[in-house]
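As structure tokens, the structure follows; a few thoughts come after it.
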Amino acid sequence: MGMLKVTGLAKSFGIHDLFHDVNFEVSRGDKVGFVGPNGAGKTTLMRCLMGQEEYDAGSIQFDSADTVGYVEQQADFAGGTLYEEFQRAFADIIELGERKKRLEQEIAVHHDEETMTEYSRVMNRFEQLGGYDYESRIRRVAFGLGFTEEDFKKDVGHFSGGQKTRICLAKALLREPDFLFLDEPTNHLDIRMTEWLESFLQSYHGGVLIISHDRYFLDRVATRMIDLDNKTVTTYEGNYTYYMRVKTQRREALKTAYEKQQEHIHKTEEYIRRFKAGIKAKQARGRQSQLNRLERIVLPPETATFNYFAFHKPPECAQRVAEVEDVSMSFGPHEVFEHISFLIRNGDGVALVGPNGAGKTTLLRILVGELESPTGRVKIGSRVKIGYFSQQHEGLHMDNTILEELQYEYGIEEEQARKYLGAFLFHGDDVLRRIGDLSGGEQSRVAFLKLMLTGANFLVLDEPTNHLDIPAREAVEEALMAYPGTFLAVSHDRYFLDKVANCTLELADGKLTEYLGNYSYYQMKRQAEEEAAAEERAEREKAEQARREKEKAAERVKASAEAEKHREERAAKSQQEQQNRIQGMSSAKREEAVQRLEAQIAMAEAELKGLEFEMNDPSVQADPAKSQEIAEAYAAKEEEIEQLYDKWGMMTEA
């Protein structure tokens, strides 16, 4: 049973203590979710586990035979085709296969014992490593992550950043190592690919350690959570939802205990102050000693969370906020979608989901007027003001500070601006940082806040939670849930969609399907549809199988009838030929033939009696195989006797 054991691990950068006293274990079969705010050191800790980063104290122990696969967020490839890149994961197996072929050629020339022994060793190792099925494993994993047979021939350098991340993930999964370390594995995966990965990891026999902000994914895969917060780790048995519930309960219990202790300390200090110089001075000194020995409860720093506030209510607008009628889009010969129609009503929270490449962003750009459809029309309702959140954040001014971005853009007083920024997790001097120096997730938070302040009553959001850690995603969710307007959001974050959406549109295979519920409802309905379709296919296949069986049975009957007809014709022809021969025989020869037949009949009947005697033997009856053999010989002898009598009758009647 392989195990990863981390004991007392610590890491600092200069005077900045990143983490310390980190202790946990991961066994084969464990599925461990690794969470914590951005900047807590999750990726650094994982790189320490891989030996890619030095640590200051502690130890990391693996079993000597363990293999490790690692998927990091940045991809780097040697070049060549995609299939060649996947084959590199099996370089040792391919080399063994080549060695096996060379030994087979040597054995064909001479069979010396040394070559045969080496061949046996190579063959056993080749089979142990899965040498006969590695190509099927490449296809199973690659197709599951959205690659096609045509992609195998493409140069690996021509793939997009998201596709390269999927290539790294596929290479790590191919060899099924004892331990898998995955750093944000669902980045750049659409929902269907993420669901495939969930299924793969759920049945994975090795240990898995996953850094992820995808809460739905962690709920489906993780059986244990490790929380890196306040520079150390805490382990929780269970998935993400269990972890959050227990963590909240522990924090509340600690807060209650802290408040009770503070009340006790306050009363004790008041008693000491009142009686330290009076008649009860001795008791006061005793209580002071108790107070000095008291182990003080220390509350950890509060995790940054969304602070509820109400945005200015956007202006009223028409009930029919946006109508899309019969729109289509193609890029050259590639048809993205065709003849799509849908209606968004006032107050709706709409999720737009579908596989990568289905055209979700294209549809949003048509809706906001950045692209024009060659068919149909887009009708925006009266008094509807659209606010568009694109993934590129084009509306941010990189030289402004965060505070300036809000003040200059909207004329907001500093106090109010800080209140808004605090709700989106920018506190204290954070608001004085230059926007160009922010991370992608921090820029996303600023862009989303600006969007909420525009006064738009219809928000069109393209991946608003990309690059955000879990607290920031929760801030966006709370803001949208409090938002009194209408919104349409493209997202692969299923947890987010479950909380904010009341309607789901699926864009797939060029068609749009509407589901009147959140993501869980959509998933339930889709599963029911898939099960119904599977049952319908099974019924069709069953009916088709019955039809084929009926046709085969009819063909067998027809063939049997034709064979019987041919047999009767051959028998009649043979009988006629025998009669002609008999009629051409002299009386003496005919008499001689009759005597021979009578002797043959007598001999055959005697043999039949012998077989009958054997059939009645108890030892034969106890042996099913022998009994069957004698029964078949008996039937054949009966047929032989019948044919001899037929010949005898023809001879005597001629």
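The values are calculated or read from the model by the stated rules, or taken from the named source; none is laboratory data. This structure is a prediction, so every number in the text was calculated from the model and none was measured. Here the Cβ is made from the backbone with ideal geometry for all residues, glycine too, and neighbour counts use every protein chain on show.
Could we say that H213 is modelled with pLDDT under 85 and within 17 Å of the chain's Cα centre (by Cα) here? Don't jump to the end; show me each part of the working.
Numbers: modelled with pLDDT under 85: no; within 17 Å of the chain's Cα centre (by Cα): yes.
When the stated conditions are applied, H213 does not pass them.
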Taking the range 162-211 and the residues there that are farther than 20 Å from Y83 by Cβ and of a type in the set (G, A, S), the one that is surrounded by the fewest Cβ atoms within 10 Å (Cβ to Cβ) would be S203
Using the structure shown, decide if E463 is crowded, with 17+ Cβ neighbours inside 10 Å, assigned by TED's automatic domain parsing to the domain that holds K360 and within 30 Å of K360 (Cβ to Cβ).
yes
With (1) of a type in the set (S, T, N, Q); (2) touching a residue at least 12 places away in the same chain (Cβ under 8 Å); (3) over 30 Å from L352 (Cα atoms) as the list, and S520 as the residue in question, which single condition is left unmet?
(3)
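Per-residue answers, yes or no, for (1) surrounded by 12 or more Cβ atoms within 10 Å (Cβ to Cβ); (2) part of a helix (DSSP H, G or I); (3) of a type in the set (S, T, Y); (4) touching a residue at least 12 places away in the same chain (Cβ under 8 Å):
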site	(1), (2), (3), (4)
E536	no, yes, no, no
E562	no, yes, no, no
I582	yes, yes, no, yes
R590	yes, yes, no, yes
Q600	yes, yes, no, yes
L608	yes, yes, no, yes
S619	no, yes, yes, no
Kindly evaluate A358 against the criterion of being among the small types (G, A, S), touching a Leu at 6+ places or on another chain (Cβ under 8 Å) and without any contact (Cβ under 8 Å) to a residue 60 or more places away in the chain.
no
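Yes or no: the range 600-609 includes at least one residue that is at negative phi and in contact with a Ser or Thr (Cβ under 6 Å, 6 or more places away or on another chain). Steps first, please.
Of all residues in the range 600-609, those at negative phi come to 600-609.
This time we only want the ones that are in contact with a Ser or Thr (Cβ under 6 Å, 6 or more places away or on another chain), so: none.
Within the range 600-609, not a single residue is at negative phi and in contact with a Ser or Thr (Cβ under 6 Å, 6 or more places away or on another chain).
For L18, indicate whether it is in contact with a strand residue (DSSP E or B) (Cβ under 9 Å, 6 or more places away or on another chain), more than 23 Å from A170 (Cα to Cα) and at pLDDT 85 or above. Working first, answer last.
On the way: in contact with a strand residue (DSSP E or B) (Cβ under 9 Å, 6 or more places away or on another chain): yes; more than 23 Å from A170 (Cα to Cα): yes; at pLDDT 85 or above: yes.
Answer is yes for this residue.
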Where a residue in the range 472-483 is closer than 12 Å to G349 by Cβ and its partner, wherever it lies, is surrounded by fewer than 21 Cβ atoms within 10 Å (Cβ to Cβ) and among the basic types (K, R), with Cβ under 9 Å and at least six apart
E477/K499; L480/K499; M481/K499
